[in-house]
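No lab work stands behind these numbers, since they all come straight from the coordinates. Predicted model, so just to flag it, every value in this text is computed and none were measured. Counting neighbours? That spans all protein chains shown, and the Cβs are built from the backbone with ideal geometry, glycine included.
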Amino acid sequence: MSYNKTILGGHFVISFDSVINGFLAVVMAPVFFGGASDNQIIQLLSSYAAYAALFVTGPLGAITFGRMGDKFGRKNTLLLSIIGIGVPVLVIGLLPPCSVIGIVAPLALILLRMMQGFFKGVEYAGVLIHSYETGKKRISSSAGIISFGCIGGSVAAVICWFVTMDPTRHWAWRLPYVIGGFLALILFLFRMKIPETDEFIEISTGSKILKSPLKDLFTNNKMEALVSVAVSALYTAFAYSSMIFGNRLFQQAGYTISQSMIFSAVDLLWISTSIAICGKIADRIGLVKQMKYGAMILIVTTIPVCSLIAGELTLTKIYSYMFINTFLSATIASCSAAYILRLFPVHCRYTGFAITDSMGSILGGITPFMLLLLSSTFHSNFGCAVWLLTLTVPTFVLICWTEKVRQLQDDRRN
């Protein structure tokens with residue numbers, strides 16, 4: 001296996017694990033939260049809240065291992081992150097239900113999700129940074145990595161469809177976790193052979209490694225950090241509003257859990273295709289221009305698109321919502337990594353990307369919970385638009401403001 005495939009494989013695995021965590025929330029709700037309440041909505045909210053725990057520890061992991069990536073190299077950090085993701089995933093697949101070990105089951109699930117989250121952002125950042133610093137700086141290159149991750153999600157959705165069919169779903173949901181855990185451990189063995197990036201070698205041999213990349217980030221790159229958080233939150237929120245909440249919509253329309261999984265697998269393939277297409281478009285029209293126009297389009301279209309799922313749900317309406325939402329948000333998602341990587345200098349790039357992506361993912365990661373909560377509160381799925389616009393409008397303003405400031409700074413230097 002070439003080292004490029006080994007790096008790409010990491011994003012495949014974290015996308016695979018993220019999808020099974022989200023898609024299987026509805027199956028795992030009674031398994032781990034059945035003792036808390038007989039109300040299915042409360043069980044599902046609890047399960048989505050446990051899913052959101054995946055993102056809570058991300059910033060702490062980013063601070064710890066982002067610093068390691070900037071001081072001791074990209075390779076060493078990637079080796080640790082893939083192990084840190086694989087072990088908790090494997091243990092979740094073997095965790096006894098609350099009917100056997102009581103309250104220990106949901107607490108252990110939340111703890112394991114937090115452990116995953118501790119390493120998840122570092123892994124995602126490391127994959128993209130390694131590719132970027134080995135010469136693949138075209139927007140379509142980073143978009144291709146994200147697109148490949150969506151294929152991992154689609155594979156996960158198909159497996160989830162298979163394991164949630166009656167009568168085996170009470171135990172077969174564990175299989176994707178075991179598979180995901182073993183995939184991560186296999187990748188660790190292959191990653192031991194990958195080289196360090198040229199850009200890190202250059203700063204390490206030139207004594208340009210900072211004593212505190214975190215201090216430099218929040219001293220000299222505050223503006224860049226703020227817009228990076230917003231961009232990360234935006235593309236994560238729209239992805240999950242289609243991918244995970246869309247799965248819930250299928251069930252709300254009367255389809256079975258297993259049918260919902262296979263329907264969502266189609267959407268994930270569309271996400272992958274959309275990101276790849278939009279990455280190619282961005283190579284032609286420019287990174288900043290597509291980020292601005294993409295955010296503007298989302299502001300204009302969010303309310304009309306969410307109105308598709310406001311009334312009685314049909315397969316056509318749900319797919320229209322998911323497919324339109326997916327392609328429009330792909331204008332941002334395809335450029336997000338390249339845009340953020342461009343903002344940070346190499347000596348604090350790992351810290352900057354990992355921390356801001358993890359912080360943004362907290363906002364994006366609670367999207368399934370927020371959409372379900374708003375839909376229940378307003379008794380309409382149209383409540384989704386409130387949360388999505390809450391993230392989109394500030395992001396558009398921050399992108400425009402950041403680029404204006406950067407342009408002024410460039411003019412002064414010239």
Exercise. For helix 174-191, what angle does its Cα long axis make with the longest principal axis of the chain, in degrees from 0 to 90 and rounded to 10?
Worked result: 20 degrees
Exercise. So for the chain, taking the charge dipole from beta-carbon charges (+1 Lys/Arg, -1 Asp/Glu), which of T236, C150, L398 sits furthest toward the positive end?
Worked result: L398
Exercise. Straight-line reach from K404: which aspartates and glutamates have Cα under 17 Å away, leaving out those fewer than 8 places along the same chain?
Worked result: E224
Exercise. Among rounded, prolate and oblate, which fits the chain when a ≥ b ≥ c are the square roots of the eigenvalues of its C-alpha gyration tensor, a/c under 1.5 means rounded, and a/b larger than b/c means prolate?
Worked result: oblate
Seminar exercise, completed: Cross-link reach from K208 to aspartates and glutamates, straight Cα distance under 20 Å and at least 8 residues apart if same chain, gives D70, E133, E196, D198, E199, D216
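About its Cα centre, what dipole magnitude does the chain give when the only charges are +1 on Lys and Arg Cβ and -1 on Asp and Glu Cβ, stated in debye to the nearest 20?
Dipole about the Cα centre, nearest 20: 840 debye.
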Problem set entry | Taking segment 3-413 and dividing mean pair separation by its residue count, relative contact order in percent (alpha carbons under 8 Å, at least six apart) | 26 percent
Problem set entry | Cα shape, segment 308-380, gyration tensor, a/c 1.5 rule | oblate
Seminar exercise, completed: For the chain, longest principal axis from Cα atoms; helix 349-365 axis from its Cα atoms; angle between them, nearest 10 degrees, is 30 degrees
Problem set entry | Helix axis angle, 257-285 relative to the chain longest principal axis, alpha carbon, degrees | 20 degrees
Exercise. When the chain is treated as a GNM, springs tying every alpha-carbon pair under 10 Å, which of I203, I362, I271 comes out with the largest mean-square fluctuation?
Worked result: I203
